[in-house]
1. Read through the list (1) in a loop (DSSP other than H, G, I, E, B); (2) modelled with pLDDT of 95 or more, then give the number of the only condition that Glu165 fails.
2. How about segment 155-200: which of its residues are in contact with a Lys or Arg (Cβ under 8 Å, 6 or more places away or on another chain), of a type in the set (S, T, N, Q) and surrounded by fewer than 16 Cβ atoms within 10 Å (Cβ to Cβ)?
3. For segment 197-220, enumerate the residues that are modelled with pLDDT of 90 or more and within 27 Å of Ala79 (Cβ to Cβ).
4. When you scan segment 1-70 for strands (runs of 3 or more DSSP E) that lie fully inside it, which ones turn up with 3 or more residues that are closer than 16 Å to Pro185 by Cβ, touching a strand residue (DSSP E or B) at 6+ places or on another chain (Cβ under 6 Å) and modelled with pLDDT of 80 or more?
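The values are calculated or read from the model by the stated rules, or taken from the named source; none is laboratory data. These numbers come from a predicted model, not from an experiment. Using ideal geometry, Cβ is built from the backbone for each residue, glycine included, and neighbour counts are taken over all protein chains shown.
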Amino acid sequence: MLPVELALPFHGRWVTQNSPANRVPSHGTDLFGSSHAIDFVRVDARGLSGARTWRTLVATEPPGTFLGIVAPTAGVVHAVHDGEEDHEARRSQLLLIGYALTQARRARHGSAGLAGNHVVIALAEGGPYVLLAHLRRGSVAVTPGQRVEVGSVVGACGNSGNSTEPHVHVQVSDSIAWDRARGLPMTFRRPGTQETFVPRNGEIVAGARPDERGSPRPTA
């Protein structure tokens, strides 16, 4: 099966983290259909996700500015979840160690504990399915059964679920029965071109403006 082709689900500058271009499974596990998942963090012109202060080194920080997340593909909204709180951001290495020790507890809460507020889009009846996770509480803007097109606003970037700073988590899977879902490879269309790519860790990508968006080419 060819990779599922998507548009980038945002506009502006974002840095890539946990990319399947660097390793598979990208997040260190095949569980929950996440083997080929990828994360994007909004950054400024200097490549920073936020101003660095003493809190960056030793404390938590406010979640920051929440930006819109858009559908990376046409399809039908299969499932949504909203209502999970947005955590304070943790960029301190000291705090990240402690946070990692609580991941098992979040996993026991299922998809809401891990993905937080999220939207699942079915590309066709029976899948595959695209998951957009860690959305801002109260921002989910679509409902199950709703048809969306590339660029339709589905929510806002948040810090809910298993997340240490505001970012969007994107993955494609063959099922939303997360205990047995298999992750599927994906690729992104480079804005303004017909090229497709999978950005590597640390690579800054720029999503297309609404008037530049098109529909991904069909894949076999």
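1. (2)
2. If the condition is that a residue be in contact with a Lys or Arg (Cβ under 8 Å, 6 or more places away or on another chain), of a type in the set (S, T, N, Q) and surrounded by fewer than 16 Cβ atoms within 10 Å (Cβ to Cβ), then Ser175, Gln194 are the ones that fit.
3. Looking only at segment 197-220, we keep the residues that are modelled with pLDDT of 90 or more, and these are 197-206.
Correct list: Val198, Pro199, Val205.
4. On the way: elements: 4-6, 12-17, 38-42, 68-70.
Of the strands (runs of 3 or more DSSP E) lying wholly inside segment 1-70, those with at least 3 residues that are closer than 16 Å to Pro185 by Cβ, touching a strand residue (DSSP E or B) at 6+ places or on another chain (Cβ under 6 Å) and modelled with pLDDT of 80 or more span 4-6.
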